[in-house]
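The values are calculated or read from the model by the stated rules, or taken from the named source; none is laboratory data. None of these values were measured; they are calculated from a predicted model. In this analysis, Cβ positions are derived from the backbone assuming ideal geometry, glycine residues included, and neighbour counts consider all displayed protein chains.
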Amino acid sequence: MSWQKDLLLARDWLARPFGQLTLLCPSLPLHVSNVERRRLVSIGENEGVRVVPSFDVRCRTREFWLKQRRQWMRDVRRELKCAKVIHCSADGVYRPLWYLAHMAAVKKGITTVLVGPDMDPHLTEPSNLKGSLVCKTFDLLMKRAALHADLVLLKEGAVHTRYAPFAQNTKGFCQSMHRTEDVIQEDCLEERLTTLKHNRPLRAIYAGRFVRRKGLHDAICAIACAKKKGVMVEYHLFGSGPEESALKRQAAELGVSSLVQFHGFVEYGPGFIKELGRYDLLLFLPTEEDTPRMLYDAMAAGLPLVGSRISFLQHRVETDGIGILVGVGDSSVAGDELCRLSAERAKLTAFSRAAAAAGLRHSIEHWYRLRAAWTQEAAQREPPAIQAVAAMSQARP
């Protein structure tokens, strides 16, 4: 559903200066029953977005390059005839629809906005030949597209570090989904912080998929480490996934079943953020790079972070001062930090207030207001002079 919300936000913030939003995308035949397709049709019919279907998304990669690519480019060129601005999101190399549309707009002289990938592929692709080829190909496409773009929006952290040197006009951008009104009210936050003066267990949370790379096994070990030192920290998990049974067995084996509670699937949104406001901190120890919406929702609820030192979390902690990081896989140190926060609750209080303040800074309204302003500025500028290709080799990769 995040793509749908992002689309409607773009409509809300960009339609006024530039006119109706058109979504050019692959299609599915009418007889195919597909939830995502029905949502797309619903947007077109009810939400004021002009949806233009192109080639059949079910085609294989080989068929795309031999046949369907021509259909995609015909549709792109037709839509560019009346476009003022084109937004393309960098995603994939096998069928790089974003790159083909972006470069066609560059050639046409239309204002181009390039939105970078959700995560740095060098941190997510497997370390084998296939992964290496994917990264190299994506780098070539992304760097060339960024060099020619009027505006490049890059997620703060590893993605920005890698690709910003190749763009002429780049902005750090956060992909939060909470509104200003969703952020915990000051009186509610202070009421919760007052309870920290009582001798009660801290209440940590996690929300998302139960998969290995999320580090939930390390987090449960941290809860067990804290217990061994006489510090009880509850761990409340919201979500589901293939690791759920293994996590429950682990909690039982470590003697922390009473502290680790599974609440099942929940729908993200204002109601869940309000529910999060009852807890004390986010315990998130991923084993590899991740950029979860959960972190922004936690900040909106005034929850500080105890996390592992991946690029995205490190950037957020350094920028917003919202918590503490430990080495990846270092559950014993994470347990020590939980003990320290339980003993030094004034420090936890300060982190909590910093998290709530960061929640306000990272609201949808804040970031889309900036996105709209940056897009208008890019549209009003003269086309930037294209740097020499040699400049790319001198920039930091």
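Looking only at the stretch 182-216, residues that are out of contact with any strand residue (DSSP E or B) (no Cβ under 9 Å at 6 or more places or on another chain) and either closer than 12 Å to residue 256 by Cβ or of a type in the set (Val, Ile, Thr) (or both) come to 5 in all.
For the stretch 105-119, a residue qualifies if it is out of contact with any Ser or Thr (no Cβ under 7 Å at 6 or more places or on another chain), buried (at least 19 other Cβ atoms within 10 Å of the Cβ) and either free of Cβ contacts under 8 Å to residues at least 12 places away in the same chain or small (Gly, Ala, Ser) (or both), and exactly one does: 116.
Every residue, every condition in (1) assigned by TED's automatic domain parsing to the domain that holds residue 225; (2) surrounded by fewer than 22 Cβ atoms within 10 Å (Cβ to Cβ); (3) charged (D, E, K, R), yes or no:
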| residue | (1), (2), (3) |
| --- | --- |
| 297 | yes, no, yes |
| 301 | yes, no, no |
| 309 | yes, yes, yes |
| 317 | yes, yes, no |
| 323 | yes, no, no |
| 332 | yes, yes, no |
| 343 | yes, yes, no |
| 354 | yes, yes, no |
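For the condition β-branched (Val, Ile, Thr), outside any loop (DSSP other than H, G, I, E, B) and within 24 Å of residue 155 (Cα to Cα), what is the one hit in 349, 375? After applying the criteria, what remains is 375.
Okay, residues lined up against (1) under 28 Å from residue 156 (Cα atoms); (2) charged (D, E, K, R); (3) surrounded by fewer than 17 Cβ atoms within 10 Å (Cβ to Cβ):
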| site | (1), (2), (3) |
| --- | --- |
| 232 | no, no, yes |
| 248 | no, yes, yes |
| 260 | no, no, no |
| 270 | yes, no, yes |
| 279 | yes, no, no |
| 291 | yes, no, no |
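Before we move on, is residue 47 surrounded by fewer than 20 Cβ atoms within 10 Å (Cβ to Cβ), in contact with a helix residue (DSSP H, G or I) (Cβ under 7 Å, 6 or more places away or on another chain) and either of a type outside the set (A, V, I, L, M) or modelled with pLDDT of 95 or more (or both)? For residue 47, the condition - surrounded by fewer than 20 Cβ atoms within 10 Å (Cβ to Cβ), in contact with a helix residue (DSSP H, G or I) (Cβ under 7 Å, 6 or more places away or on another chain) and either of a type outside the set (A, V, I, L, M) or modelled with pLDDT of 95 or more (or both) - is met.
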